[in-house]
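Every number in this text was worked out from the coordinates using simple rules, so none of it is lab data. The structure displayed is predicted, hence computed values, not measured ones. With ideal geometry, Cβ positions are generated from the backbone for all residues, glycine too; neighbour counts draw on all protein chains shown.
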């Protein structure tokens, strides 16, 4: 009995020390991790906007979007979106569109989908499937009567990506209509 109490006490001390070290490291690296996340977010926005010569990039907080401007006019916009319904959990993405109301590009910012299956929603192939589609498309997978080809063997992930794109398309459409 005495040996059991000693081992329990040692285990409790070890756990407390481990938790303390993890908490210390987490608080010391919080700002750096936030900075890296913001840099990735801005980089993804630039990538999906495909900036051309003479276009400038900025984040418009009033629109809640990233915009590419040329000669003072918005020619492309990108918004962050997401869905809580991914196979491995929530999916965060960014979607861009042209001023004429067509999807330009799609990129996954954060997802925990199955490698080799659901993770393919982050591939260039999946983004190409969406590219050029009108914002007014039926953002459901074809299996559900929509316009989007799902990733093979990853219907749940594809549905979640479509939910995210649908919310982004609605916001992008409103931006274009209000100009």
Worksheet, complete the sentence: Looking across the range 81-112 at residues that are within 12 Å of the chain's Cα centre (by Cα) and not in a strand (DSSP E or B), the single one that is surrounded by the fewest Cβ atoms within 10 Å (Cβ to Cβ) is 112
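Here is a yes/no grid of residues against (1) farther than 17 Å from residue 74 by Cβ; (2) assigned to a helix (DSSP H, G or I); (3) more than 17 Å from the chain's Cα centre (by Cα):
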{"position": "3", "(1), (2), (3)": "yes, yes, yes"}
{"position": "7", "(1), (2), (3)": "yes, yes, yes"}
{"position": "25", "(1), (2), (3)": "yes, yes, yes"}
{"position": "36", "(1), (2), (3)": "yes, yes, no"}
{"position": "40", "(1), (2), (3)": "yes, yes, no"}
{"position": "46", "(1), (2), (3)": "no, yes, no"}
{"position": "54", "(1), (2), (3)": "no, no, yes"}
{"position": "58", "(1), (2), (3)": "no, no, yes"}
{"position": "62", "(1), (2), (3)": "no, no, yes"}
Worksheet entry | Residue match in the range 129-143 (condition: touching a helix residue (DSSP H, G or I) at 6+ places or on another chain (Cβ under 8 Å), assigned to a strand (DSSP E or B) and farther than 14 Å from residue 176 by Cα) | yes
Worksheet entry | Cβ pairs under 6 Å, 6+ apart, first in the range 144-172 and on the phi > 0 side of the Ramachandran plot and touching a residue at least 24 places away in the same chain (Cβ under 8 Å), second in a loop (DSSP other than H, G, I, E, B) and surrounded by fewer than 23 Cβ atoms within 10 Å (Cβ to Cβ) | 153/117
Worksheet item: So, in the range 118-128, of the ones that are surrounded by 17 or more Cβ atoms within 10 Å (Cβ to Cβ) and out of contact with any helix residue (DSSP H, G or I) (no Cβ under 7 Å at 6 or more places or on another chain), which residue ends up farthest from residue 48 (Cα to Cα)?
Response: 119
